[in-house]
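We did not get these values from a lab; they are worked out from the coordinates using the rules stated. Note that this is a predicted model, so its numbers are computed, not measured. So basically every Cβ, Gly included, is an ideal-geometry build from the backbone, and we count neighbours across all protein chains shown.
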Amino acid sequence: MQTLLAPATTHLLEAAALLAAGDLVAFPTETVYGLGADARSRAAVEKIYAAKGRPSGNPVIVHLADPADAPTCVTTWPPLAEKLAQLFWPGPLTLILPRSPLLTDAVSAGRSTVALRCPNHPVAEALLRTCGFPIAAPSANRSGFTSPTTAQHVYAELAGRIPLILDGGPSTIGLESTVLDLTSKTPTILRPGAVTREMLQSAIGPVLTFHQSLVPSTSAISPGQHHRHYAPTTPAFSISRIDWSAHEEKIRTRSDKIILITYDPAIALPAPHEVLLLPPTAEKYAAALYASLRQADDLTASCILVLLPDNLEGMWAAVVDRLHRATIPFSIT
Ligand code: TXA
Ligand code: MG
């Protein structure tokens, strides 16, 4: 299949027509690019799983043009959901609620719940409004690999597998949305994101964070949160500042090329190694992270080493969560 990578401004109607015909279209959102299909059609949503090589047990997020559309996609729309939608939609917050039969059960991958969000991006919003139906869209990468934050990233992952990629420039947030389960007794973050736990707690009171490692992977509440995810293809390791200090000499004198991703210019490596310096604030770091993992892959080294931020406040929690999934802990051999 030929894949067209085209400006969103000129190809919006074509994208809507493809989606209405049951085909797939990749489109920009403020978090990462999504791979869209008509969320009412089982056949269309099944194409997402095939194109991504996504495990059939991992449900996808359903995107809406307008918060007012949400109650039709669920069997109950509690006041808590209404409050969160008013505060954070359109934006990087996904809410898990019981699914209405209006949506194909393929979006739920065998569950009774659905994940909903209104993206805060002019192209995503225009596409949703033009279609007039909800769009199911996971991140537009092959399953297990780094989420795309540009149309070119999508092309590198999915060329030949989908007909159209709408180019709307780089995603500004750069990390996937916060996923909040509203079906549990206490609202629970299944995946941290730009809407932080602190922000949620100040809006609605106590919020739990689900840690995948507490339960066996077979009973995963949010199956996309299994450990190895968002990963580059070059072996990637995370390293704490303490381990860096302990092993710096051994690392810097290695003869094989290492790519170091750091937010601290004082932590560096000489040639033949290469250093990718990311910004020191969580929001800017997040926006640059996935592009830098791809860049590190392209530099063909024997491994990628990522300095772990030791701050877990605000959006650093989401950054560190993704780094833990994209890498394995550094150990000296
Ligand atoms: O920012 C985002 O959320 C992007 C953009 C495109 O909107 N989408 C995205 O989708 O990251 P995806 O499929 O790559 O991640 C969705 C996450 C997965 O971890 C999945 O398991 C979880 O949400 N999820 C989806 N539906 C769920 C459900 N019904 N119950 C629990 N978890 C669910
Ligand atoms: Mg994904």
Take the Cα radius of gyration of the range 223-333 and divide it by 2.2 N^0.38 Å, with N its residue count; two decimals is plenty. 1.00
Farthest toward positive dipole pole in the range 28-110 [+1 Lys/Arg, -1 Asp/Glu at C-beta], among Thr76, Tyr33, Ala43: Ala43
P(r) of the chain in 10 Å steps, Cα pairs, percent per bin? 6, 27, 34, 23, 9, 2, 0
Sorted largest first, the Cα spans of the range 131-183 on the principal axes come out in Å as 38, 28, 22
Give me the orientation-averaged projected area of the Cα convex hull of the range 32-186, in nm², one decimal. 8.5
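In debye, nearest 20, what is the charge dipole magnitude of the chain about its Cα centre with +1 on Lys and Arg Cβ and -1 on Asp and Glu Cβ, if you could check?
It comes to approximately 640 debye.
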Log entry: pair-distance distribution for the range 1-76, C-alpha pairs binned every 10 Å from zero, whole % per bin is 16, 48, 33, 4, 0
For the chain, modelled as a GNM with alpha-carbon contacts under 10 angstrom, which of Leu64, Leu24, Leu308 fluctuates the most? Leu308
Kindly provide log₁₀ I(q)/I(0) values, in the same order as q = 0.11, 0.12, 0.19, 0.25 Å⁻¹, from the Debye equation applied to equal alpha-carbon scatterers of the range 66-144. -0.28, -0.34, -0.87, -1.38
Picking from Ala159, Ala44, Ala21, which is most flexible by a Gaussian network model of the chain using Cα springs under 10 Å? Ala21
Within a 10 angstrom radius of the beta carbon, how do Asp256, Asp66 rank from fewest other beta carbons to most? Asp256, Asp66
Spelling it out for Leu5: with amide H atoms placed in the peptide plane at 1.01 Å from N, the residues 5 or more places away or on another chain with amide H under 5 Å from its amide H are Ile165
Cut-off under 29 Å on the C-alpha distance; same-chain residues fewer than 8 positions from Lys52 excluded. Which lysines are left, in chain and number order? Lys284
Can you list the lysines whose alpha carbon is less than 19 Å from that of Lys185, not counting same-chain residues fewer than 8 positions off? Lys83
